[in-house]
There are 2 protein chains.
Amino acid sequence: MSSDLPDTRTRILTATWKILESRENPARMSDIAKAVGISRQALYLHFPNRAELLVAVTRHIDEVNDIDARLAPSRAATGVARLDAYVAAWSDYIPEVQGVARALIALQDRDAEAARAWAGRLAAVRHGFEAAVQAVDDSGALRPGLAPAQAVDLLCALVSVETWTRLVQEDGWPQDVFTATMVRLARNAVCTR
Amino acid sequence: MSSDLPDTRTRILTATWKILESRENPARMSDIAKAVGISRQALYLHFPNRAELLVAVTRHIDEVNDIDARLAPSRAATGVARLDAYVAAWSDYIPEVQGVARALIALQDRDAEAARAWAGRLAAVRHGFEAAVQAVDDSGALRPGLAPAQAVDLLCALVSVETWTRLVQEDGWPQDVFTATMVRLARNAVCTR
DNA sequence: GTGTCAACTTTACACGCTGTCAAGTTGATC
DNA sequence: GATCAACTTGACAGCGTGTAAAGTTGACAC
């Protein structure tokens, strides 16, 4: 408690997080600087470019949210319940990362580093879905004729930031309705009835 | 047959269409001009800006593909079959519009006109889904507890350009597998079993 | 007190892309 | 031979990112 203010780097991360959450038009570096209360150039003292700032924000969000704790229930479950738990956990996590995610997606076209960063995040989510599908398959509940890899593809495509944006942000669905619907949909998509 | 070449406007439209289909990085105005074989400035003699060019390309694609004929089978069907037919028709149309769609989506953040244009296209698709859901509801097959508007939201979010890009473009699904999966998924999502 | 150092500010500028402007060139038509 | 539309060439403003350089400030060492 020797210092009241968190260090500048942390202030940048939280301010960027918040500004990306709130506004949909892509926050410029100058907008972020203004939000932090520093000059635009000071941003470049802490992060070499926009892409790395965004990546650092995602890591910061994971840290603050204790991503491991969020996923614990999913890892504890088995069979279809494991799929349910993972879909619910990821669905409920999307609101936290949605802002940065959209910024990274938008940057993807022009910035190779942003593309790699976002691909890395997707790979992590995919990894979770792979474990969930494995659990479903182990319990014999995987839909016949559906290869595990295909099931994972489908789940990643369905329970995505894009779907969340459409339903929650644009169509005004409450978060809990979104999560419940995704859980049902995911089960229907890859499990036997 | 007085002239062998189509007029410049048409050549711009088809060239833009093709270049957007092939490459994923956003084609610049100079890239398009080069593909047409004219100067960058000549583009601005035909279209006031990038957004209106893209919009014109979507209209051109609709014309070339005779969108009405594609939707005829869907309009002829009733009940759940109508939903199936519409989902299949839209799924099979996505590959045609996907290039321009992605360009418009990318432009959305920075260009209000592009945002409106893309919203208009989505509204047209949504209108089709509304009719399909109505048909399902009329036949008493709409999932209990699911409001028609919610069903439409869900279908729009599921059978989307974004989902297609993920599964077909990134995961390498064959188009027919995508379409079949979307038909099944859509039915599971909004119909009683 | 003076010096030093890190963090930050201010100002300026290069680059890439979009869109605008103005002055040619060309080729068909009257 | 004049005219006109379509197109070219070249130049430039605006905007956002990222780089560069010189100046300010405050803490800490000695």
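Say we join alpha carbon atoms closer than 10 Å with springs in a Gaussian network model of chain A; which of A:GLY145, A:GLY172, A:GLY79 then has the biggest fluctuation?
A:GLY145
Counting only C-alpha contacts under 8 Å and six or more residues apart, can you give the relative contact order of segment A:66-190 as a whole percent?
34
Pairing the Cα long axis of helix B:148-158 with the longest principal axis of chain B, what angle in degrees results, from 0 to 90 and rounded to the nearest 10?
Once rounded, one gets 50 degrees.
Sorting B:GLU162, A:GLU170 on the 10 Å Cβ count, fewest up front, what's the list?
With the fewest neighbours first, B:GLU162, A:GLU170 line up as A:GLU170, B:GLU162.
Using θ = phi - 60° and the Karplus form 6.51 cos²θ - 1.76 cosθ + 1.60, what ³J(HN,Hα) does each residue of segment A:121-134 get, whole Hz, x for Gly and Pro?
Here the 3J(HN,Hα) series is 4, 4, 4, 5, 4, 4, 4, x, 5, 4, 5, 5, 5, 4 Hz.
For label points placed 7 Å from Cα toward Cβ, what is the shortest-first list of nm distances from A:GLY120 to its copies?
Listed shortest first, these distances are 4.1 nm.
Of A:ASP62, A:ASP109, A:ASP31, which is the most mobile in a GNM of chain A whose springs link Cα atoms less than 10 angstrom apart?
A:ASP109
Of all trypsin sites (Lys or Arg not before Pro) in segment A:1-98, which ones are in loop regions per DSSP and have a Cβ with at most 13 other Cβ atoms within 10 Å?
The qualifying sites are A:ARG23, A:ARG28.
What whole number of Å gives the distance from the Cα centroid of segment A:9-49 to the Cα centroid of segment B:103-137?
Segment B:103-137 and segment A:9-49 have Cα centres spaced 32 Å from each other.
Using only Cα atoms, tell me the angle between helix B:8-22 and the longest principal axis of chain B; keep it within 0 to 90° and round to the nearest 10.
Tilt of helix B:8-22: around 60 degrees.
Compute log10 of I(q)/I(0) for chain B with the Debye formula, placing one identical point scatterer on every Cα and leaving out solvent, at q = 0.11, 0.15, 0.16 Å⁻¹, to two decimals.
So the normalised log intensities work out to -0.56, -0.92, -1.01.
In nm to one decimal, list the spacings between the B:ASN49 label point and its equivalents in the other copies, with label points set 7 Å along Cα to Cβ, shortest first.
Copy-to-copy label distances for B:ASN49: 2.7 nm.
Explain nothing, just the number: relative contact order of segment B:8-60, from Cα pairs under 8 Å at least 6 residues apart, as a whole percent.
39
Just to confirm the numbers: B:GLN134, label point 7 angstrom along the Cα-Cβ line, distances to the other copies in nm, shortest first?
Sorted ascending, the copy-to-copy spacings read 4.9 nm.
Which chymotrypsin sites (Phe, Trp or Tyr not before Pro) does segment A:86-124 hold that lie in a coil by DSSP with at most 14 other beta carbons within 10 Å?
Here no chymotrypsin sites (Phe, Trp or Tyr not before Pro) fit, given the DSSP loop and packing criteria.
For helix B:50-65, report the angle its Cα long axis makes with the longest principal axis of the Cα atoms of chain B; keep it between 0 and 90° and round to the nearest 10°.
The helix B:50-65 is inclined about 60 degrees to chain B.
Output needed for segment B:72-184: three equivalent-ellipsoid semi-axes, defined as square roots of 5 times the C-alpha gyration tensor eigenvalues, in descending order, whole Å.
Output for segment B:72-184: semi-axes of 25, 17, 12 Å.
If the only charges are +1 at each Lys and Arg Cβ and -1 at each Asp and Glu Cβ, what is the size of the charge dipole of segment A:66-190 around the Cα centre, to the nearest 20 debye?
200
Rounded if a/c is under 1.5, else prolate if a/b is larger than b/c, else oblate: which is segment A:8-60, with a ≥ b ≥ c the root eigenvalues of its Cα gyration tensor?
Cα axes put segment A:8-60 in the rounded bin.
Read the figures in this text as sums done on the coordinates, not as results from a lab. What you are looking at is a predicted structure, and each value in this text was computed from that prediction instead of being measured. Because the Cβ atoms are built from the backbone with ideal geometry, glycine has one as well, and the counts that use them run over all protein chains shown.
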